[in-house]
Structures are given as structure tokens and as C-alpha cells.
Amino acid sequence: MNVMTYVLLFFQIFALTLGVPVICGLVVGICDQLFNLLMGRGLGRGIIVTTSLIGTPVHELGHAVMCLIFAHKIDDVSLWRPFNNDGNLGFVTHRYNPKNLYHQLGNILIGIGPVFSGLCVILLCMVLAFPETLRGYLDTAAVMVQNGEGAGALLWEGFGMIPGIFTEWQDGAIPLWGRIIALTVMLCVSLHISLSPADIKGALGGLPVYLALTLIAAVVISLLGDTAMTATVNALTLFSAAAFALFMPVFICAALWLVLGLAVFLIRKLFRMK
């Protein structure tokens, strides 16, 4: 077995385990940046601060919960502080033993913790307020994942939830005010899932340990033979596709903000032309 086999398996394991949450954080971050650019500094900042009342606590709790899971010492937490000089809407400061590999590994998930906390809150809102839309999508997505359909097909199916969310308003099983609150929470949270430079820097602190563990896993699985390698890649591919399907409501909310920003930008351009 040549070296390229180990290298290929190493990158497959790495991409299929961390790829989806990292990509989600980066894509949502890009959407947020474009939204701010389209809305303009004043209006965009106003919306960011307003939605931070809900979104920032969820973001910071994502960091804090991961700190607890990986036994980091939390020194200070601010879930919401909109009026400050540094521009940060919240923070979590923590300490760990740099000689402890478990603590080091935790830096990755602590850094991207807001991606998971945001996903959990958005899915909970979908379950409570738009259960039929979510159930229909997940049932279809499960079949698509089992059939090995790609990200493009899942993305297309996921955006099909948007009409379902608005047509489900007609169902009186859940009060209208409940659906409005749930959608508001979803949109607020989605605007604050994106990872800050400090989040990314912190996550990179655990990357060496994760890369070392991935390398060890790739070598061990390679030594077990082609059958083990194929089974591992297939299982991780299935896991990654399922994770991507779960993140679709997050992508949808980010896309809705982007559409709003584009609409405001075009309206401004139109009136300036006149």
C-alpha cells in the first residue's frame, strides 16, 4: 500500500468529520458580511445589534457549553453587551492546561461551538412551530442521503422548505403568534452563528491534536485493509451528508437575510436613479 493511500484517507477523514460545521460557519459568515455590505453600515449595524439580543446569547452559550464539555475553566462570560468600544457583542474567556491533549482538542469545538448551539435552537424552533415542513423535508432528505445524492440535490430540496414554512401558517394547530416568535428567533440566531476571527484563532489551537488523531486513525484503518477503508469512508460520507441536511434550516435563514439585503440595496439604487 503506497503513501498516497494513507494521505487520501487522512484528508477524507478530516474533511468528512469537520467539514460540514466549518463550512456552515464560513458560509453564514460570508452571508452576514454581504448582508452588512448591502444594507449599509448604519442600517446593517442597527439590525445586527437588535438581533443580537437573541442571537448573541445563543452564540456565547455555544462556546460556554463546549468549555464545560472539554473541562476548560471559564473565567468570565458576557452573553450580551451591545454598547462597548471594541465592537464585540459578547464574550467567553476560558483557561486550559496546554499539556492536556483533551483540553487542546477541545479548542476546535469550543471555537465552532456557536455553529452547534445555533443549529440546535433553529431546529428546536422548526420542531415547535413548523413540524410538518421539517418532517417532510427530513423524510425526503433521509432517502436522498441513503441513495447517495449530492449536496446540490440536498440544497435544492432544503430550499423547498421556504414555501412550506409560509403555507404552514394557514394550519391553525399552532397559534400564529407562536410561529412568528419562532421565525423571529430563527432569523436572529442565524445572523449570529458566524465565527469571529477570535473564534477561528481559538479553534486553530486544537488543530494539531486533531490532525494527529486523524493521521493515527488513517494509518490504523489503512492497515486493516481495503474493506475497512471503504466502510469507513462510506460511513463518514453518510454522516457528513446527514449533517449537511440538518444544517439546511441554518442556510435558509442566512439566505433570507441575504435576500432582504439585496432587496434594500436595489430599492436604494432605484430611488437614486429617479
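The table that follows gives values for the structure above.
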read-out: Using a Förster distance of 22 Å, the FRET efficiency for I174-V143 (Cβ separation, nearest 0.05); value: 0.25
read-out: Relative pair counts by distance (%), Cα atoms of the range 179-274, 10 Å bins; value: 12, 21, 27, 21, 12, 5, 2, 0
read-out: On Cα atoms only, tilt of 176-190 relative to the major axis of the chain in degrees; value: 50
read-out: Tilt relative to the chain, helix 113-129 - C-alpha long axis, 0 to 90 degrees, to 10; value: 60
read-out: Additional length obtainable on full extension of the chain from F83 to L53, 0.36 nm per residue less Cα span; value: 9.6 nm
read-out: For the chain, with +1 on Lys and Arg beta carbons and -1 on Asp and Glu, the positive-most of P57, Q33, F244 along the dipole; value: Q33
read-out: Scaled radius of gyration (Cα, divided by 2.2 N^0.38 Å) that the range 68-126 gives; value: 1.34
read-out: Label assignment, Cα Rg over 2.2 N^0.38 Å derived from the structure, set (1) 1.11; (2) 1.05; (3) 0.95; value: (1)
read-out: Separation in nanometres of the label points that stand 7 Å from Cα toward Cβ, at T5 and A231; value: 1.7
read-out: Most fluctuating residue given options F91, F239, F83, as computed from a GNM of the chain linking Cα atoms under 10 Å; value: F83
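Readers should treat all values here as calculations from the given coordinates under stated rules, not as data from a laboratory. Values in this document were obtained by computation on a predicted structure and should not be read as measured data. Backbone-built Cβ (ideal geometry, glycine too); neighbour counts: all protein chains shown.
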